[in-house]
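Colleague: If you scroll down you'll find the structure; I have some questions about it.
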Amino acid sequence: MMNTKNWFISVWMCLLVWAVTPLFAENYPYRSDVLWVTVPDHPDWLYQVGEQAKVEVQFYKYGIPQDGIEVAYELGEDMMPAHRSGKVVLKNGRAVIQLGTMNQPGFLDCRLTATIDRQTYRHHVKVGFSPEKLQPYTQLPDDFKAFWEKNLAEAARCPMEYTIEPAPEYASETTECFLVKLQCFRPGSYVYGYLTRPKASGKYPVVLCPPGAGVKTIKEPGRHIYYAEEGCIRMEMEIHGLNPKMTGKEFKEISAAFGDYLTFGIDDRENYYMKKVYMACVRAIDYLTSLSDWDGKNVIVQGGSQGGALALVTAGLDKRVTACVANHPALSDMAGYKAGRAGGYPHFFKRYQDMDTPAKIRTMAYYDVVNFARRIKVPVYMTWGYNDNTCPPTTSYIVYNVLTCPKEALITPINEHWTSEATEYGHLKWIQRHLR
């Protein structure tokens, strides 16, 4: 019988092999000659504050352990500069690095570099120290509820006008798909969405899926067709009012001209770009619950990254939402860097200039996911990985820790900023178990 460590290595190697197929190529390069394997001495990659951690590093080329290769490493807290560095030499393709510990809750990142045949390869692994004790830097403004109730009332006065046209290229034998253009927030402000529903007559739950970050088309509208095939009405939406039928070249040009919308108006909570985005999600639910084939009971929000943030925001804003699924949410404890640790995407204090002003920090608090998460009463299912440098595990834990509603988590330590198809299909299974 395998011991725990060998079993973990075997399972992890299988996952890595799975990850290098085209479908899962976001974590490891497809058809790469090399493979890193990093094995923390705690199988769940978690330690208590003050507990010593270590990781075994393995490096393979063509599947052959590389003997005598020097691996340089740096140790730093999640998304923070390194505070210690060193080198180890692989013996039979392996070496152990003593990571040390942390004196407060958080994540420690071991960043690895190896050079072989004049080619440099990099990898990293993060381990957690009492992350269940992480709490947000971001505070709840006294008038948070009043601010959003005012905005909801204003958005509700915008006439719900929409167009709908068939999109059979994203349908199947048992489903139909439509491209919807929906007016929301104020007259002349639109969003688009692909609405997929069962062909059979009946009453069905509705699922709203907001998008990840960027100015781009709706990603593969048919990739989650199994929602409609298994009895849900699902709407994949965009947030900028850009017709998803435009070409990739057109989106690239618009994106270059558009700039970074996550900074637009951030000096003023009333004019911040994301206000219309948050309101668009609520108005999309207005539309979905107006459909004659909605079951009258179930309203689910589901998304990843920025979409995970928007799912949680919508669940915190709209009492009609009955369940929420969020992967590695962005926009979470965005000012966390002021506490000397990782803050949430888009990493205002790490990647931008002149963000540390009272006005901007004040606006962030009104739009931060943690303050919407505090308000959620319905069941929430979250998924995140530890090796994520886009939406770091520090901020996913912070969101999860502030939730006081019924909650469940699927933690996948190896994941960077991706989820597998199996994990995403599991979201539907969780939703089905939580239908009213």
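Colleague: Helix-only mean residue ellipticity at 222 nm, the chain, DSSP H runs n ≥ 4 weighted -39,500 (n - 2.57), per residue, nearest 500. What is it?
Modeller: So the helix-based figure for the chain works out to -7500 deg cm²/dmol.
Colleague: Another one. Here are several values of percent of Cα pairs over 37 Å apart: [x] 17; [y] 28; [z] 47. Which one was derived from the coordinates shown?
Modeller: It is the one labelled [y].
Colleague: Quick one: accessible area per residue over the stretch 342-395, 1.4 Å probe, rounded to a whole number of Å²? Display every interim value, and only then the final one.
Modeller: Details: 1730 Å² over 54 residues.
Normalised by residue count, the accessible surface of the stretch 342-395 is 32 Å².
Colleague: I need the semi-axes of the equivalent ellipsoid of the stretch 61-168: take the C-alpha gyration tensor, multiply each eigenvalue by 5, square-root it, list largest first in whole angstrom. Please list the in-between numbers first.
Modeller: Numbers: eigenvalues 477, 129, 23 Å².
After diagonalising the Cα gyration tensor, the semi-axes are 49, 25, 11 Å.
Colleague: To continue, here is another question. Within 10 Å of each candidate Cβ there may be at most 11 other Cβ atoms; applying that plus a DSSP loop requirement, which trypsin sites (Lys or Arg not before Pro) in the stretch 96-150 survive? Mind showing how you got there, number by number?
Modeller: Values: sites: R111, R118, R122, K126, K133, K145, K150; in loops: R118.
Hits after loop and neighbour filter: R118.
Colleague: For the stretch 139-287, with every protein chain kept in place, what is the accessible area per residue (1.4 Å probe, Å²)? Numbers along the way, then the final one.
Modeller: Details: 6730 Å² over 149 residues.
So the stretch 139-287 comes to 45 Å² accessible per residue, rounded to a whole number.
Colleague: Moving on to the next point. What percentage of all Cα-Cα pairs in the stretch 239-294 are separated by more than 15 Å?
Modeller: Numbers: 972 of 1540 pairs.
Result for the distance tail: 63 percent.
Colleague: Something else about it: For the stretch 162-252, what ratio Rg/Rh do Cα atoms give with a Kirkwood hydrodynamic radius? Spell out each step's value before the answer.
Modeller: On the way: Rg = 13.1 Å, Rh = 13.5 Å.
Reported Rg/Rh, Kirkwood definition of Rh: 0.97.
Colleague: Please compute the alpha carbon radius of gyration of the stretch 256-340, then divide it by the globular-protein estimate 2.2 N^0.38 Å. Two decimals is fine. Display every interim value, and only then the final one.
Modeller: Values: Rg = 15.0 Å, N = 85, 2.2 N^0.38 = 11.9 Å.
Against the empirical 2.2 N^0.38 Å value, I get 1.26 for the stretch 256-340.
Colleague: Evaluate 2.2 N^0.38 Å with N set to the residue count of the stretch 31-81, then give the Cα radius of gyration divided by it.
Modeller: Values: Rg = 13.8 Å, N = 51, 2.2 N^0.38 = 9.8 Å.
Compactness ratio reported: 1.41.
Colleague: Which of the listed residues, P65, L108, A53, is farthest toward the dipole's positive end in the stretch 26-110, when Lys, Arg count +1 and Asp, Glu count -1 at the beta-carbon?
Modeller: Final value for the positive-end residue is P65.
Colleague: Something else: For the stretch 179-275, which whole percent of the accessible surface, found with a 1.4 angstrom probe, sits on carbon and sulfur atoms?
Modeller: On the way: 2040 of 3990 Å².
Carbon and sulfur together cover 51 percent of it.
Colleague: Hey, any idea what the orientation-averaged projected area of the convex hull of the stretch 295-355's Cα atoms comes to, in nm²? Could the numbers behind the result be given before it?
Modeller: Working: hull surface 19.1 nm².
Mean projected area of the Cα convex hull: 4.8 nm².
Colleague: I would also like to ask the following. For the stretch 333-434, build the convex hull from the C-alpha positions and give me its volume per residue in Å³. It would help to have the intermediate numbers written out before the result.
Modeller: Working: hull volume 10.3 nm³, N = 102.
Output value, Cα hull per residue: 101 Å³.
Colleague: Which loop GluC sites (Glu not before Pro) in the stretch 225-332, with loop taken from DSSP, have no more than 11 other Cβ atoms within 10 angstrom of their Cβ? Kindly include the intermediate steps, with their values, before the conclusion.
Modeller: Values: sites: E229, E230, E236, E238, E250, E253, E270; in loops: E230, E238, E270.
Within the stretch 225-332, the qualifying GluC sites (Glu not before Pro) (loop, at most 11 other Cβ atoms within 10 Å) are E270.
Colleague: Report the calculated FRET efficiency for S172 and N243 (r = Cβ-Cβ distance, R0 = 22 Å), to the nearest 0.05. Walk me through the numbers before you get to the answer.
Modeller: Details: r = 23 Å, r/R0 = 1.06.
That pair, S172 with N243, gives E of 0.40.
Colleague: Which value, to two decimals, describes the C-alpha radius of gyration of the stretch 98-249 once divided by 2.2 N^0.38 Å?
Modeller: Working: Rg = 22.9 Å, N = 152, 2.2 N^0.38 = 14.8 Å.
The reported ratio for this selection is 1.54.
The values are calculated or read from the model by the stated rules, or taken from the named source; none is laboratory data. Source: prediction; values computed, not measured. FYI the Cβ positions are ideal-geometry reconstructions off the backbone, even for glycines, and counts take in every protein chain you see. Keep in mind that these areas ignore ligands, DNA and RNA; they rest on the heavy atoms of the full protein, side chains included. Shrake-Rupley method; radii C 1.70, N 1.55, O 1.52, S 1.80 Å.
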